[in-house]
Amino acid sequence: MSDDATLLRGHLHDSPHQVKEIDYGLHAEDLVKALKFFTDDSNPEDITGANGSHLLEYHIILSRVFSCAVSSPRMQKYPEVLYLILDHLSKIWARSEWKTNLIDSFCNCQLRTTFLNVIVFFEKELEVCIMGISSETDQEGTRSYTTLITLLQLILPPLLVLLQSMQSLWTEAVASNIPDVLEDAKYMVFSEETGETVEVLNTDEEEQEENAIRDWLETTRQSGYNVIGMCAQLEGMFDRVLDSSTV
């Protein structure tokens, strides 16, 4: 593996329960070079590994990089970095082995959390963008309209695939082949008194995982469909997406 790739991995490997801020001593240009290595088709074995497990690892890494990058005002100057991150994420979602193992990946807490953070970022950016369009004013501190549209065109195909996969959990063909914890997580827990969903406390580890997946399914679907709904208000937003091979 090249020095660029080693450098990136050294900065981004962290514990499952801690997301570190990027050390911006690692210049944006170096990050771009490292990401270009990961998207190099001449090194597919370094990305997928023998059984595709590295795809999950790199997806988590890149999602974390994206969330850290968009949280830094410095990265406003480097939209190409965000583009490269999402470009590689979209390439992961286009891989057949990723699609094959996607539903099983729903049981991975790091994947759920890191990609939901990416979706929520776009949900918030779109809210500000549409508010600016409605008021015909520029919102201070926001990314340019062109940059946002370019990034959305990269994230929408994976988001649509994700939502389709979530919906498939309720089909007979898929439901018969998913882990028990995922099967149980499909169903909301309601209060008999109010008829509203309730948070389950004081549960064992398996039930906690079930609740975490249930909350993620609900939150991700809500944020995901919000993103799609707001994108529908932007002229021509789905032109490229509808031609995408990843959908």
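Every number here is computed from the coordinates shown, using simple stated rules; none is lab data. What you see is a predicted model; the values in this text were computed from it and never measured. Cβ atoms come from the backbone with ideal geometry, glycine included; neighbour counts cover every protein chain shown.
Please state the Cα pair-distance histogram of segment 57-187 with 10 angstrom bins from zero: what percent is in each bin?
P(r) for segment 57-187, in whole percents per bin: 11, 39, 29, 15, 5, 0.
Stretched out fully, how many nm does the piece from Asp215 to Ser71 gain, at 0.36 nm a residue minus the Cα gap?
Using 0.36 nm per residue and subtracting the Cα-Cα distance, I get 49.4 nm.
What is the packing order of peptides 159-168, 111-120, taking the mean over residues of other C-beta atoms within 10 Å and listing the highest first? Kindly include the intermediate steps, with their values, before the conclusion.
On the way: 159-168: 16.8, 111-120: 19.6.
Packing proxy ranking, top to bottom: 111-120, 159-168.
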